[in-house]
Ligand code: PMP
């Protein structure tokens, strides 16, 4: 009997490329600025909630994360039925692609955007049409709207965008949502680092029935390792997502940790403000050193090194000094580095090392 594994795997899965996450080096000596993690550990109240929940691990968690949905409901003025909690926002995104992009369908995004989307489309044997950003790196929302009217199941926008860090004007995004005859998904992973009043969480599913907003506890809540995210939208679409998720998709510990951080909004806001201040000070420093720095509404900076050195060579020099940033080696992005904002101390070290490695310094 002959048995070939690939005879049993769908052709489009055999063909697709896997997502490449940023490196997670084991060495504690590395200043890790490559995956936009929060430099602060979880708040003490979160750690104690995790410890308490650990004592109840013989039990299954609440299947639909109801207490967490109720808390989000009270915070954002939407019904608990408007929310779905996931094992990281990556799971939410994956569920959305599974639901909204049946075999052969097409959806729309921008280039660049979060690089997971094309992988999720490929998994569905679907197609993602990427509309190039304009020369200033902002989204071409008019072109996206025009394409969406031709045919698309949904538009997905990283808002603020990655790896650029830019945020679109609220009124322009509103116009797009109102104009297009399909779902609009806003991936607001970095929204807590943007100026206040930019999020569409309160409008998703109510003012705009075609809008779904995706959020995560990974970045601003210091819980990347916990894997918890959520989305909000019209209860009719959220109900369909609940049908296709795993029955216990969010662990008991993850639910407890997320509830605890939501009760600590003020303390966490102070930390977010510190990260934003560190970001803005570091951006000014880089500009003084001759970098081109895009204005950031996130916890990272997208920067082009001064003329005399390439992004790749600077990436290598930083790595040789134990500083890990992100370089996307693909057309359009390869002249830039994406640098996550770490602690004030980490960024001072980066500044010092840059002073030593840049040819003009
Ligand atoms: N969206 C964007 C834009 C991201 O950068 C990330 C993290 N890489 C995610 C979603 C996923 O975050 P998580 O699964 O940790 O919630």
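A compact table of results
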item	result
Failed item, numbered, when residue 181 is tested on (1) assigned to a loop (DSSP other than H, G, I, E, B); (2) away from the ligand (no atom under 16 Å from the Cβ); (3) touching a helix residue (DSSP H, G or I) at 6+ places or on another chain (Cβ under 8 Å); (4) more than 15 Å from residue 107 (Cα to Cα)	(4)
Any hit, the stretch 286-302, residues being assigned to a strand (DSSP E or B), in contact with a strand residue (DSSP E or B) (Cβ under 8 Å, 6 or more places away or on another chain) and over 24 Å from residue 222 (Cα atoms)	yes
Test for residue 272: is it in contact with a strand residue (DSSP E or B) (Cβ under 8 Å, 6 or more places away or on another chain) and either assigned to a loop (DSSP other than H, G, I, E, B) or over 23 Å from residue 59 (Cα atoms) (or both)	no
Filter pass, residue 36 being part of a loop (DSSP other than H, G, I, E, B), more than 26 Å from residue 241 (Cα to Cα) and out of contact with any helix residue (DSSP H, G or I) (no Cβ under 8 Å at 6 or more places or on another chain)	yes
Hey, residue 199 surrounded by fewer than 23 Cβ atoms within 10 Å (Cβ to Cβ), under 19 Å from the mean Cα position of the chain (by Cα) and either farther than 18 Å from residue 116 by Cα or not assigned by TED's automatic domain parsing to the domain that holds residue 216 (or both) or not	yes
From the options 166, 108, 186, residue that is within 19 Å of residue 333 (Cβ to Cβ) and either modelled with pLDDT of 95 or more or not assigned by TED's automatic domain parsing to the domain that holds residue 12 (or both)	166
Flag for residue 7 being more than 16 Å from the ligand (Cβ to nearest atom), farther than 15 Å from residue 232 by Cα and at pLDDT below 95	no
Among (1) away from the ligand (no atom under 14 Å from the Cβ); (2) out of contact with any strand residue (DSSP E or B) (no Cβ under 6 Å at 6 or more places or on another chain); (3) closer than 18 Å to residue 214 by Cβ - the single one residue 112 does not satisfy	(1)
Members of the stretch 221-244 found to be in contact (Cβ under 8 Å) with a residue 40 or more places away in the chain and away from the ligand (no atom under 12 Å from the Cβ), listed by number	232, 233, 234, 235, 237, 238, 239, 240, 241, 242, 244
Sole exception among (1) under 28 Å from residue 113 (Cβ atoms); (2) in contact (Cβ under 8 Å) with a residue 24 or more places away in the chain; (3) surrounded by fewer than 16 Cβ atoms within 10 Å (Cβ to Cβ) for residue 11, by number	(2)
Per-region count, the stretch 173-195, residues over 25 Å from residue 220 (Cα atoms) and surrounded by fewer than 18 Cβ atoms within 10 Å (Cβ to Cβ)	5
Residues that are near the ligand (Cβ under 8 Å from one of its atoms) and in a loop (DSSP other than H, G, I, E, B), drawn from the stretch 184-220	189, 190, 217, 218, 219
Any hit, the stretch 57-67, residues being buried (at least 16 other Cβ atoms within 10 Å of the Cβ) and free of Cβ contacts under 8 Å to residues at least 24 places away in the same chain	no
Residue count for the stretch 88-110, restricted to those that are buried (at least 18 other Cβ atoms within 10 Å of the Cβ) and over 28 Å from residue 253 (Cα atoms)	6
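Quick grid of which residues meet (1) within 16 Å of the ligand (Cβ to nearest atom); (2) modelled with pLDDT under 95:
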site	(1), (2)
54	no, no
64	no, no
78	no, no
82	no, no
85	yes, no
90	yes, no
94	yes, no
116	yes, no
127	no, yes
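The values are calculated or read from the model by the stated rules, or taken from the named source; none is laboratory data. Here the structure is a predicted model, which is why all the values come from computation and not from measurement. Don't worry about glycine lacking a Cβ; one is built from the backbone with ideal geometry, like all the others, and counts go over all protein chains shown.
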